[in-house]
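Q: Below is a structure I'd like to ask you about.
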Amino acid sequence: MKRVTMAMIGLLAATTGHAQTQTGAETQTGPQTEAELLAAAKAEPPMTAYAVTGKIVDTAEAFSAKYGLSVTGKKVNEAGQIELLIREAQANNVVGGVSLAADAATIAAQLIPEGIVESWVPPDVADQLAASARDPLVVVSDPMVWSYNTEAYAACPISNVWQLVDPEWKSRVSMMDPLEKPAYADWFNQLEEHHDPAMAAAYEAHYGKPFDSAEGSATQAWVKAFAANGVLIADSSGVSDAIGAAGQTSPFFGILSTAKFRDNVDKGHKLGFCANVAPFSGWLYPGLGVIAKGTASPNTAKLFISYLLTAEGIAPQSVDGKVPSDPRVGLPADEASGIAAHLDQLMVWTNAGAQSDLDRRQDWQDLWRTNLR
């Protein structure tokens, strides 16, 4: 997998002269309403929208049919989107006018300040969004949740994340690789910086004694012990199979996106959501929606962002449990994981910590790498 380096980002800043200090919310000028944006977009060239989900293809087709515009959806992973945004800006040849759910820390801490992309919030929904979802704009949040096999267990087999470092769960927990999926390394940093007291409290609840702060942070201690307990690393499908495949007598436990709960229908899996896990039953990863500063279709891009914030526009993703930022939209009743009833049990991402997430990402990856057994 190609990795986006700080050298690439620094080169772009030097060659474009776009260095900025603001957090990225664009000044509200020009067309703003749907009618104004559509009228202006009619004169713009076709645009491509990048997203981590293949469902962006259908979303772009529906948008194009609705508005009579030409938008193509392209599935590109988190790191791939960052690289495309940087290289297209360097070449002054912007193809991707919109980026959805790329690497949140890199977008917020590097690409927005450097003027490569910008955050725009539709005025008609701004007051409906939580302050944390407005700057930069969070279109949708992806729940990563602790999950178990409902065929093998009558209920969730754990109630505390510290259980997962005990011998009982040695080589029986699965998740994606923090070295390949940086969101997981950033999750560790978010836990330590914003919720370490909760991690320490969970330690005391499990072991019956206070966590010894002389050993460092509770989060670091947990990450080291968790990695050393033989975690099975796999891609998203592999994690889902390890946890949820039917017919297992001693299946894996693990953490995955609620989107994988569709495997219960598609593959006959038995995935279940683990509620009431201390300190959290999972975490909400922000899917930032940003616009490339050099796009020739800025009004099309804004209209597409607006569309993604509607029930119609986000429906292909909300059916997978991805949580729309506008609470008026909500999740469909038939969403497979049932996460809507448990959102208060998930760690909410702090976007203001993006610079720290990015700065300390390598440290967390090194801690994971050196302790993984």
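The values are calculated or read from the model by the stated rules, or taken from the named source; none is laboratory data. Computed from a predicted model, the values in this text were never measured in an experiment. Positions of Cβ are generated from backbone atoms using ideal geometry, with glycine treated the same way; all protein chains shown enter the neighbour counts.
Q: So which of Ala65, Ala41 ends up being aliphatic (A, V, I, L, M) and touching a residue at least 24 places away in the same chain (Cβ under 8 Å)?
A: Result of the check over Ala65, Ala41: Ala41.
Q: Also: Here are some conditions: (1) among the β-branched types (Val, Ile, Thr); (2) in contact with an Asp or Glu (Cβ under 9 Å, 6 or more places away or on another chain); (3) buried (at least 21 other Cβ atoms within 10 Å of the Cβ); (4) closer than 20 Å to Asp142 by Cβ. Val223 meets all but one. Which one does it not meet?
A: For Val223, the exception is condition (4).
Q: When residues of the stretch 139-174 are filtered for being aliphatic (A, V, I, L, M) and either touching a Cys at 6+ places or on another chain (Cβ under 6 Å) or over 30 Å from Gly313 (Cβ atoms) (or both), how many remain? Don't jump to the end; show me each part of the working.
A: Residues of the stretch 139-174 that are aliphatic (A, V, I, L, M), as a first pass: 139-140, 144-145, 152, 154-155, 158, 161, 164-165, 173.
Now narrow it down to the ones that are either touching a Cys at 6+ places or on another chain (Cβ under 6 Å) or over 30 Å from Gly313 (Cβ atoms) (or both): 152, 154-155, 158, 161, 164-165, 173.
Residues that pass the stated criteria total 8.
Q: While we're looking at this one, here's another question. When you go through Pro298, Pro279, Pro286, Pro251 one by one, which is the residue that is at pLDDT 95 or above, touching a Leu at 6+ places or on another chain (Cβ under 9 Å) and not aliphatic (A, V, I, L, M)?
A: When all the criteria are applied, what remains is Pro279.
Q: Determine the pairs where a residue that is farther than 25 Å from Asp186 by Cβ, located within the stretch 88-105, has a partner that is of a type in the set (Phe, Trp, Tyr) with Cβ atoms under 8 Å apart, the partner being 6 or more residues away or on another chain.
A: That search, which allows pairs on different chains as well, returns Gly97/Phe304.
Q: Related question: If you check Val121 against the conditions, is it more than 14 Å from the chain's Cα centre (by Cα), β-branched (Val, Ile, Thr) and not in a helix (DSSP H, G or I)?
A: Here the answer is yes, as Val121 does meet what is asked.
Q: Of the residues Glu83, Glu114, which is assigned to a helix (DSSP H, G or I), surrounded by fewer than 22 Cβ atoms within 10 Å (Cβ to Cβ), on the phi < 0 side of the Ramachandran plot and assigned by TED's automatic domain parsing to the domain that holds Glu44?
A: Unique residue meeting the criteria: Glu83.
Q: Listed residues Phe211, Phe261, Phe252; which is at negative phi, more than 25 Å from the chain's Cα centre (by Cα) and of a type outside the set (Ser, Thr, Tyr)?
A: Exactly one of Phe211, Phe261, Phe252 is at negative phi, more than 25 Å from the chain's Cα centre (by Cα) and of a type outside the set (Ser, Thr, Tyr), namely Phe211.
Q: What's the total number of residues in the stretch 38-79 that are part of a strand (DSSP E or B) and of a type in the set (Ser, Thr, Tyr)?
A: Final tally of qualifying residues: 3.
Q: Still on this structure: Being at pLDDT 95 or above, small (Gly, Ala, Ser) and more than 28 Å from Glu180 (Cα to Cα) is the requirement here; does Ser306 meet it? Give the steps one after another, and end with the answer.
A: On the way: at pLDDT 95 or above: yes; small (Gly, Ala, Ser): yes; more than 28 Å from Glu180 (Cα to Cα): yes.
Considered against the rule, which asks whether it is at pLDDT 95 or above, small (Gly, Ala, Ser) and more than 28 Å from Glu180 (Cα to Cα), Ser306 comes out as yes.
Q: Considering only residues of the stretch 285-325 that are more than 15 Å from the chain's Cα centre (by Cα) and hydroxyl-bearing (Ser, Thr, Tyr), which is surrounded by the fewest Cβ atoms within 10 Å (Cβ to Cβ)?
A: This residue is Thr310.
Listed here are the residues, each with its yes/no results for (1) β-branched (Val, Ile, Thr); (2) crowded, with 16+ Cβ neighbours inside 10 Å; (3) under 20 Å from His269 (Cβ atoms).
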site: Asp142; (1), (2), (3): no, yes, yes
site: Met175; (1), (2), (3): no, yes, yes
site: Asp196; (1), (2), (3): no, yes, no
site: Glu204; (1), (2), (3): no, no, no
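Q: The conditions are (1) at pLDDT 95 or above; (2) within 28 Å of Ala79 (Cα to Cα), and Ala155 fails exactly one of them. Which is it?
A: Condition (2) is where Ala155 drops out.
Q: Does the stretch 139-161 contain at least one residue that is touching a residue at least 24 places away in the same chain (Cβ under 8 Å) and at positive phi?
A: So the first thing to find is which residues in the stretch 139-161 are touching a residue at least 24 places away in the same chain (Cβ under 8 Å), and the list is 139-153, 156-161.
Still in the running and at positive phi: none.
Taking every residue of the stretch 139-161 in turn, none turns out to be touching a residue at least 24 places away in the same chain (Cβ under 8 Å) and at positive phi.
Q: Of everything in the stretch 152-173 that's in a helix (DSSP H, G or I) and crowded, with 21+ Cβ neighbours inside 10 Å, which residue is nearest to the chain's Cα centre (by Cα)?
A: Val161
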